[in-house]
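What follows is a set of notes on a single structure, which appears directly below.
Please treat every number below as a calculation from the coordinates, not as lab data. Because the structure is predicted, anything quoted here is derived from the model rather than measured. Don't worry about glycine lacking a Cβ; one is built from the backbone with ideal geometry, like all the others, and counts go over all protein chains shown.
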Amino acid sequence: MIDYNAILGKIKTKFDKEVVSNEVYLDMEIGNVITGRFLPFIKNLDKSVFNYFWHSYMSLAQNDEKFKKRIFRFCPNTNKKYCPVCDASVKMWKTADLKIKELSKPIRRHSNTIVNFYVLDDQKHPENNGKVKVFKYGTQIQKIINEATEGMDKEIFGSRIWRLDEQGCSFRLKIDKKAAKDDDGKEKEFATYELSKFLPASKIDDMTNEKIEQILNGCFDLEKLIDIVAVEVLEKEIKEHYLDKINVAKDSVPTTTNTKEQNKPTPSVADTVVTSKETTKTPTNNTELKIEDIKETQLDDLLKQLETNEIPF
Ligand SMILES: [Zn+2]
């Protein structure tokens, strides 16, 4: 006799972000070329493009290199809420102690944007063709989109980038390799998207109105992909894995640090795929001079200045 209740109870209907996240996203493998179309989120057009913030830093709580742990968390600033990690990074950045200032970099917030994307041709992973994926991008791609929708190419592309019919324009994402120096001056390879572009309007084979409707209804609710944990969790984590290890009191601007931790590396760019331009985007001396006088109301502006746009994984 089959116990249906027991079996049915085991079916996971809850969206498990940790497990499916890599399948949901476009595979941004270096060397790949992916052609597809941007999709509007018809249930809420304002959420068609979703910008979010995140943190990714190495825990300092574990001394053994082999057990070093990277902590990845979405930032509450995404929803304009208080973030203890951002708060710590800004306080550390505001200090006059250059070493503490440097240690504020790895915990800074980063920014990315996500959009639904209909894959027409994924050269390295043809199994993705005909599927809706989430396309995650940073400033380089953003500039290309801006140019096509609001810049000089507005007349050619404009709102056509959102269409699946014959008036629509596909986007060809080209992921190339670029050698550049990282923050430590070491030569490294990065992904660059600068040759990506929108293509002239074209008809997609076998596309019908019914199919368009079906695809648009199958889009991801992007906001739901960004799972922000409780402030208490972030607070405890940043304290235990970072601040406690560098003697930074949460509510005070630190002036000292212990020598052992001073040489901790800044975030490894090798762990992320970034463009050289974005990697070298560190605050200018000009910014540094003004930083000491910053008011809390300017916090968001400061965070914006300090953030980088990187593809986290
Ligand atoms: Zn944050």
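Summary of computed values
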{"quantity": "Length-normalised contact order for the range 71-217 - Cα pairs under 8 Å, 6+ apart - percent", "calculated": "15 percent"}
{"quantity": "For K181, distant residues with modelled amide H under 5 Å away", "calculated": "K188"}
{"quantity": "Amide N of the range 160-179 lying under 11 Å from the label point, which is placed 7 angstrom from the Cα of V33 along Cα→Cβ", "calculated": "172-175"}
{"quantity": "Across K47/K99; K143/K224; K136/K178; K69/K178; K80/K236; K94/K197, pairs whose alpha-carbon gap is larger than 30 Å", "calculated": "K47/K99; K94/K197"}
{"quantity": "Listed residue (S89, N146, N51) projecting farthest to the positive dipole end of the range 23-168, Cβ model", "calculated": "S89"}
{"quantity": "Exposure proxy ranking, count of Cβ atoms within 10 Å, fewest first, for V233, V115", "calculated": "V233, V115"}
{"quantity": "T208-N79 FRET efficiency (beta carbon distance; Förster radius 41 Å; 0.05 resolution)", "calculated": "0.60"}
{"quantity": "Dipole axis of the range 86-203 (+1 Lys, Arg; -1 Asp, Glu on Cβ), positive-most option in F117, L98, G168", "calculated": "L98"}
{"quantity": "Dipole moment magnitude, nearest 20 debye, the range 131-185 about Cα centre, only Lys, Arg, Asp, Glu C-beta charged", "calculated": "300 debye"}
